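Everything below concerns the one structure shown next.
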């Protein structure tokens with residue numbers, strides 16, 4: 001009795017199972033770990049690899065200029081702060097005597113007290129540009145928003161020298177706009193020598209540029225509010241959230257990073273403050289508007305005490321450098337935190 005023929009598929013399967021075991025199938029499977037392509041780099045790839053060297057070559061002249069005009073003066077000032085420096089003459093080494101003298105310099109520390117007052121006033125004054133940015137962002141008409149934004153930003157283009165001189169004329173005790181306006185409304189008794197009285201001189205400096213809208217704080221506040229998704233505002237409005245509550249619950253938390261950066265930038269900018277004080281009051285009267293930069297310049301150019309001026313400059317430079325490093329560290333910490341949160 002003969003066996004029935006097997007199914008063709010079964011026969012084929014049986015035949016495949018009876019193949020020589022030394023024969024292997026490699027179709028669709030990579031058994032090696034070599035790269036798929038080992039061809040030599042093309043000309044475009046080689047050019048891309050050469051670009052970093054061209055960038056380095058282009059950066060070297062910039063670095064040389066920085067070394068000559070930035071790093072060398074800073075290092076030279078630090079070095080000369082240990083000498084009784086006399087340009088063109090004998091400069092004996094005095095060690096830390098200049099720094100000891102600085103610690104007992106009442107005018108120097110008075111200048112820092114004035115600087116602290118200027119910084120606190122400037123931070124409190126952020127309320128005005130923040131309010132302006134909040135009001136501007138609520139305008140639905142884009143054309144109106146653009147017009148008001150332009151009007152608020154244009155004063156930033158005015159030269160600082162012109163601004164200082166105009167305010168100096170306004171503060172003039174006899175022909176100034178402020179005293180003339182007071183006299184016109186019958187308030188002559190309130191007229192003062194605004195920039196020449198120790199009681200009002202520092203306040204006169206602080207109010208230069210009033211109402212403090214045209215500046216970096218306004219730009220930062222406005223750009224940050226502009227980038228907040230409008231859906232958040234709409235959801236808050238549907239939930240019956242008022243304007244004040246929305247500011248504390250939505251606006252301010254989303255502006256926290258920018259406010260922190262603005263705070264540190266304000267610290268560094270305040271340390272370099274001296275331009276307005278030099279033009280309007282020259283640090284007087286009686287040191288009431290003296291600031292560190294102006295004190296350093298007076299010691300150098302009026303007192304001809306170059307070594308001590310270098311000491312003051314070194315101290316201010318190191319203080320600013322430390323604060324700058326703090327800013328970089330805080331920004332890096334914020335960036336790493338945001339990456340981890342993603």
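Numbers below:
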read-out	value
Residue list for the stretch 211-239, restricted to those being within 21 Å of the chain's Cα centre (by Cα) and assigned to a helix (DSSP H, G or I)	216, 217, 218, 219, 220, 221, 222, 223, 224, 225, 226
Pairs where the first residue, in the stretch 240-255, is at pLDDT 80 or above and the second is loosely packed, with under 12 Cβ neighbours inside 10 Å and not in a helix (DSSP H, G or I), C-beta under 9 Å, 6+ apart	254/227
Any hit, the stretch 82-92, residues being in a helix (DSSP H, G or I), in contact (Cβ under 8 Å) with a residue 40 or more places away in the chain, surrounded by 15 or more Cβ atoms within 10 Å (Cβ to Cβ) and in contact with a helix residue (DSSP H, G or I) (Cβ under 6 Å, 6 or more places away or on another chain)	no
Residues of the stretch 107-127 satisfying the condition of being more than 20 Å from residue 274 (Cα to Cα) and buried (at least 16 other Cβ atoms within 10 Å of the Cβ)	126
Selected residue (criterion: surrounded by the fewest Cβ atoms within 10 Å (Cβ to Cβ)) from residues of the stretch 164-198 that are in contact (Cβ under 8 Å) with a residue 60 or more places away in the chain and closer than 23 Å to residue 120 by Cβ	198
Positions within the stretch 182-210 being within 20 Å of residue 166 (Cβ to Cβ), touching a helix residue (DSSP H, G or I) at 6+ places or on another chain (Cβ under 8 Å) and not in a loop (DSSP other than H, G, I, E, B), in sequence order	182, 202, 204, 205, 206
Within the stretch 268-316, considering residues that are in a helix (DSSP H, G or I), surrounded by fewer than 16 Cβ atoms within 10 Å (Cβ to Cβ) and in contact (Cβ under 8 Å) with a residue 24 or more places away in the chain, the one nearest to the chain's Cα centre (by Cα)	268
Pairs, first closer than 18 Å to residue 121 by Cα in the stretch 212-225, second in a loop (DSSP other than H, G, I, E, B) and modelled with pLDDT under 80, C-beta under 6 Å, six or more apart	none
Yes/no for residue 128 being within 30 Å of residue 222 (Cα to Cα), out of contact with any helix residue (DSSP H, G or I) (no Cβ under 8 Å at 6 or more places or on another chain), in contact (Cβ under 8 Å) with a residue 40 or more places away in the chain and assigned to a helix (DSSP H, G or I)	yes
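The values are calculated or read from the model by the stated rules, or taken from the named source; none is laboratory data. Keep in mind the model is a prediction, meaning the values are calculated, not measured. Methodologically, a virtual Cβ is constructed for each residue, glycine included, from the backbone with ideal geometry; neighbour enumeration extends over all protein chains shown.
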